[in-house]
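See below for the structure under consideration.
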Amino acid sequence: VALSRQAMKLGLFRKIVATKRYSCRPRKAGARASAKKPPQTCWVNTNQLLWEQGNDLWEGLKTGWLGHTHGQKVHGCLACTVQRGSRQLYAVVMGSEGLSQRFADMKGLCDRAFVRLEGRSTSS
């Protein structure tokens with residue numbers, strides 16, 4: 001989480017991990033301008049939370065998986081940051097049952113964290 005917090009201070013990094021989709025025409029090094037243009041390539045961010053903007057502002061950091069060796073089940077993992085109101089959380093989920101479940105697990109984790117933080121601020 002500390003590394004994520006530092007990385008998110010870099011504007012270009014923050015922009016890249018929050019990008020849902022990016023398209024461009026890659027060029028080979030040294031290719032002539034008159035050469036046939038390669039087809040456009042599109043990269044899509046696999047963090048489904050970026051598309052679920054509501055009361056929460058999600059920014060991606062890293063999606064991935066654990067396992068898938070020696071017959072192990074694949075477990076999803078996810079690191080991201082979310083802002084709700086004036087509060088921002090950095091969170092990591094590891095070992096979710098399946099790759100899609102990591103997003104639901106992250107939303108549940110952050111919902112519980114915001115509830116706890118809200119309880120602290122009202123009791124102070």
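The values are calculated or read from the model by the stated rules, or taken from the named source; none is laboratory data. Since this is a predicted model, take the numbers as computed values, not measurements. Please note that ligands, DNA and RNA were not included when accessible areas were found on the heavy atoms of the full protein model with its side chains. Shrake-Rupley method; radii C 1.70, N 1.55, O 1.52, S 1.80 Å.
When the stretch 1-60 is limited to residues that are open to solvent by less than 50 Å² (accessible area, probe 1.4 Å) and part of a loop (DSSP other than H, G, I, E, B), the one that is farthest from Cys77 (Cα to Cα) turns out to be Ala35. Where residues in the stretch 82-124 are modelled with pLDDT of 90 or more and among the acidic types (Asp, Glu), which of them is farthest from the chain's Cα centre (by Cα)? Looking at residues that are modelled with pLDDT of 90 or more and among the acidic types (Asp, Glu), I get Asp111.
Results for (1) within 13 Å of Asp56 (Cα to Cα); (2) part of a helix (DSSP H, G or I), shown as yes or no for each residue.
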| position | (1), (2) |
| --- | --- |
| Ala91 | no, no |
| Met106 | yes, yes |
| Cys110 | yes, yes |
| Phe114 | yes, yes |
| Leu117 | no, yes |
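Residues satisfying the criterion are present in the stretch 61-80 (criterion: small (Gly, Ala, Ser) and at pLDDT 90 or above). Do we find that Val44 is farther than 22 Å from Ala2 by Cα and at pLDDT below 90 in this structure? Here the answer is no, as Val44 does not meet what is asked.
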